[in-house]
Amino acid sequence: MYRYDEYDRRLVDERVQQFRAQVQRFLAGELSEAEFRPLRLMNGLYLQRHAPMLRVAIPYGLLSAVQLRMLATIARRFDKGYGHFSTRQNIQYNWPRLEEVPDILEQLAKVEMHAIQTSGNCVRNITADHLAGVAADELEDPRPYCELLRQWSTLHPEFSYLPRKFKIAVTGASRDRAAVQVHDIGLYLVRNAVGELGFRVLVGGGQGRTPYIGLFIREFLERRHLFSYLESILRVYNRLGRRDNKYKARVKILVNAVGLERFTELVEEDWQYTRRPELELPESGLEYMRGFFAAPDYRTDDVDATTLAQWRRETPDFARWMDRNLAAHKAPGYQVVYMPLKAPGEPPGDATAEQMDAIADMAERYSFAEIRVTHDQNLLLAHVHRSQLYELWEQLREQGLATPNLGLLTDMICCPGLDFCSLANAGSIPIAKQINEHFDDLDYLHDIGELSIKMSGCVNACGHHHIGHIGILGVDKRGKEFYQLTLGGDAGNNAAIGARLGPAVPKDVVALTIDQLLQVYLEQRESGERFIDTYRRIGMAPFKERVYADH
Amino acid sequence: MRIIKNQEVVEDEWVLLREAPAAPAANVIVPFADWCEQRDAWLSAGAGVWLSGADSVEELAPALPQLPLIALDFPQFVDGRCYSSARLLRNRYQYQGELRAIGDILRDQLYFMQRCGFDSFELRADRDPQEALQAFAEFSVRYQPAADGAPALFRYR
């Protein structure tokens, strides 16, 4: 993974000092709340309902064991002993005290981490395919580009006061695991007709109050022009994006207001001037960056097949875990091991300091000291040799990290909700709990199969409800919590925004309503169909009828 | 009125006019709309011009070699449109004259503004320009090129 050099270290240290001075000036009354707000947000700090929340950047979801231990230490020292992994592959702490935030940042800097641009109207953490570098369906590892983009966007002088936040995602694989199409800019690494690698560029995707799937603005962008092209998009947006209404300020609104054709013209016009040698990515710069993401030194042997078969036969729970929580790895003898942060009864995405420490130990023992965060709020060990699967499984089980529910109904995405966020209308976590309690039969969950439930406590859509097969949105109706369900959303290559099922349902029947939807699916599914496939085939009507028949 | 120019606090030689006088004069900075109406007269008088974020700096292009000063207005410091206007003037049009930030200008934005090509700053009246000078030295690392001559780090690592 990437390691800081003298430049990176200095920049992060200087940012900590700058922020420390800003906090002091705020506390001394020299900065008003309105003046301090954008400054603290650009460093991931929210001041809200109970106490501040600090969001720490995990660039493209990649962590070293040393870094994860530091996150555990911070959770213990400054928070209540845990952290919340977010859908942007970051981690959030609640309850740190404002006065202590500069100290936290100083600790983070020691392990090459920071909170720069984890909020605010600027370019946010760059996200990527969590299987980057290990997936068999990958054309090229996106992480060198992600790190280059991270650096290019860090303290960008022109784009730090944009109309609204700006999110970029990159994947190099044919299967989209990074929800690329719902980002302000989405980048797919592709090969053109003559075999050169470049980017297919999307613009104007996003969730929030007005969700849009991104539109293809450029079918092929040479890699060396990546930065100049992105600068042109951002410049057009910075100049023309709306600033009078924050709900209409994202680039998706601009693209749809002027039309893709006009937006493209504006970008191309600027690009004529912006495409200068000083912004060109030289092959040497790319090579330098690739060096940090080279494949680790894999073993060449595989587990003895008889041993593996014996483990599976003797321990059905192990077999079930293997079938559910593992993914293929391009190196023979290796597997990707997911650690769902979705154990029944636990808030989705939360990990305790003890779990983080244990995962760091396991990563060192079994996975080249590397951990990844997925945008589904799970963690994974990317390179586990199959001969070590059994002992790893035993350790994961002890930590509550072996729930075999990856991709199943209970592997929900969920924002922190009313209990932690000042924006929320509804408590996502109690609903997640209700769903977990209602669907506690693992055999039933396996029978239902792949299903993504995504839940947001308000229209800002941090829980990605628009792109869940079943989306749940908390709404406030005259002071009461209601939940709006949507069906048919998809985060993958066929990205789609879910359609409304009908009127929002009261809090106490959310799980029951999902149960009714699943009954329709089970009655109507054809062989091999997932919930989303059946929905696409039969449409909304049968689901709607079942849920609202009695009303 | 004291302003920051080339990272020093100096007495301002210009008068910023939010509304233009009837006859063109020297050493005044006039609104873009008024300036457009009598472009040649203002230019020969040696006046400067100020633009909002909504104004199109492209329209200034033919007059740039003769313009001694352009001011860009930040009605609120969070309105970042003029960062792009500044970069267009400096990078695309190679504007060489004085480029001033006016309006809701606070210390915490000076570093970014300078990187985008501003070389003078009229701070909000309640702020001490002397104290604000510290902002220019807050960072010694620049990852990306802008209008201050810094090269992209990715080109020489």
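Here's the yes/no breakdown for (1) within 12 Å of chain A (Cβ to nearest Cβ); (2) out of contact with any strand residue (DSSP E or B) (no Cβ under 6 Å at 6 or more places or on another chain); (3) of a type outside the set (Asp, Glu):
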site	(1), (2), (3)
B:PHE74	yes, no, yes
B:ARG90	yes, yes, yes
B:GLN96	no, yes, yes
B:LEU99	no, no, yes
B:ASP104	yes, no, no
B:PHE118	yes, no, yes
Legend entry - Residue count for the stretch A:385-410, restricted to those that are open to solvent by 20 Å² or more (accessible area, probe 1.4 Å) and in contact with an Asp or Glu (Cβ under 7 Å, 6 or more places away or on another chain): 2
Inset, instruction - Please find, among A:LEU423, A:LEU451, A:LEU445, the residue that is in the same structural domain as A:VAL505 (by TED's automatic domain parsing) and out of contact with any Leu (no Cβ under 8 Å at 6 or more places or on another chain). - result: A:LEU423
Inset, instruction - Those residues that are open to solvent by 10 Å² or more (accessible area, probe 1.4 Å) and within 14 Å of chain B (Cβ to nearest Cβ), I need them from the stretch A:41-78; list them, please. - result: A:LEU41, A:MET42, A:PRO59
Legend entry - Unique match (being over 14 Å from the mean Cα position of the chain (by Cα), away from chain A (no Cβ under 12 Å) and open to solvent by less than 10 Å² (accessible area, probe 1.4 Å)) among B:ALA63, B:ALA132: B:ALA63
Inset, instruction - Among the residues of the stretch A:225-268, write down those that are farther than 23 Å from A:TRP152 by Cβ and within 24 Å of the chain's Cα centre (by Cα). - result: A:LYS246, A:TYR247, A:LYS248, A:ILE253
Legend entry - Any chance A:ALA353 is touching a Phe, Trp or Tyr at 6+ places or on another chain (Cβ under 8 Å), among the aliphatic types (A, V, I, L, M) and surrounded by fewer than 21 Cβ atoms within 10 Å (Cβ to Cβ): yes
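Where residues in the stretch B:100-129 are assigned to a loop (DSSP other than H, G, I, E, B) and touching a helix residue (DSSP H, G or I) at 6+ places or on another chain (Cβ under 7 Å), which of them is most open to solvent (accessible area, probe 1.4 Å)?
So, considering only residues that are assigned to a loop (DSSP other than H, G, I, E, B) and touching a helix residue (DSSP H, G or I) at 6+ places or on another chain (Cβ under 7 Å), the one most open to solvent (accessible area, probe 1.4 Å) is B:ARG127.
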Inset, instruction - Could you tell me whether any residue of the stretch A:476-485 is touching a Phe, Trp or Tyr at 6+ places or on another chain (Cβ under 8 Å) and within 30 Å of A:THR300 (Cα to Cα)? - result: no
Inset, instruction - Six or more apart or on different chains, Cβ under 8 Å: which pairs go from a residue in the stretch A:491-520 that's closer than 18 Å to A:MET540 by Cα to one that's open to solvent by 40 Å² or more (accessible area, probe 1.4 Å) and in a strand (DSSP E or B)? Could you list them? - result: A:ILE497/A:TYR212; A:ALA504/A:LYS477; A:ALA504/A:PHE482; A:VAL505/A:PHE482
Inset, instruction - Kindly check whether there is at least one residue in the stretch A:322-337 that is open to solvent by less than 10 Å² (accessible area, probe 1.4 Å), without any contact (Cβ under 8 Å) to a residue 40 or more places away in the chain and part of a helix (DSSP H, G or I). - result: no
Legend entry - Matching residues in the stretch A:271-310 - criterion: being open to solvent by 50 Å² or more (accessible area, probe 1.4 Å), in a helix (DSSP H, G or I) and more than 14 Å from chain B (Cβ to nearest Cβ): A:ALA305, A:THR306, A:GLN310
Legend entry - Which listed residue is in contact with a strand residue (DSSP E or B) (Cβ under 8 Å, 6 or more places away or on another chain) and modelled with pLDDT under 95, from A:ASP476, A:ASP550: A:ASP476
Inset, instruction - Might you check whether a residue that is of a type in the set (Ser, Thr, Tyr) and under 28 Å from the mean Cα position of the chain (by Cα) occurs anywhere in the stretch A:310-327? - result: no
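Let's see how each residue does on (1) touching a residue at least 24 places away in the same chain (Cβ under 8 Å); (2) under 30 Å from B:GLU138 (Cβ atoms):
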{"site": "B:ASP12", "(1), (2)": "yes, yes"}
{"site": "B:PRO21", "(1), (2)": "no, no"}
{"site": "B:LEU67", "(1), (2)": "yes, no"}
{"site": "B:ARG81", "(1), (2)": "yes, yes"}
Inset, instruction - Test each condition in (1) in a helix (DSSP H, G or I); (2) within 11 Å of chain B (Cβ to nearest Cβ); (3) surrounded by fewer than 17 Cβ atoms within 10 Å (Cβ to Cβ) for A:GLN22 and report the one that comes out false. - result: (3)
Legend entry - Residues that are touching a strand residue (DSSP E or B) at 6+ places or on another chain (Cβ under 6 Å), within 17 Å of B:ARG107 (Cβ to Cβ) and either part of a loop (DSSP other than H, G, I, E, B) or not hydrophobic (A, V, I, L, M, F, W, C) (or both), drawn from the stretch B:2-25: B:ARG2, B:LYS5
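The values are calculated or read from the model by the stated rules, or taken from the named source; none is laboratory data. As the structure is a computational prediction, the values presented were derived from the model and not from experiment. Quick reminder, even Gly has a Cβ in these numbers, built from the backbone with ideal geometry, and neighbours come from all protein chains shown. All accessible areas refer to the heavy atoms of the entire protein, side chains included, with ligands and DNA or RNA removed. Shrake-Rupley method; radii C 1.70, N 1.55, O 1.52, S 1.80 Å.
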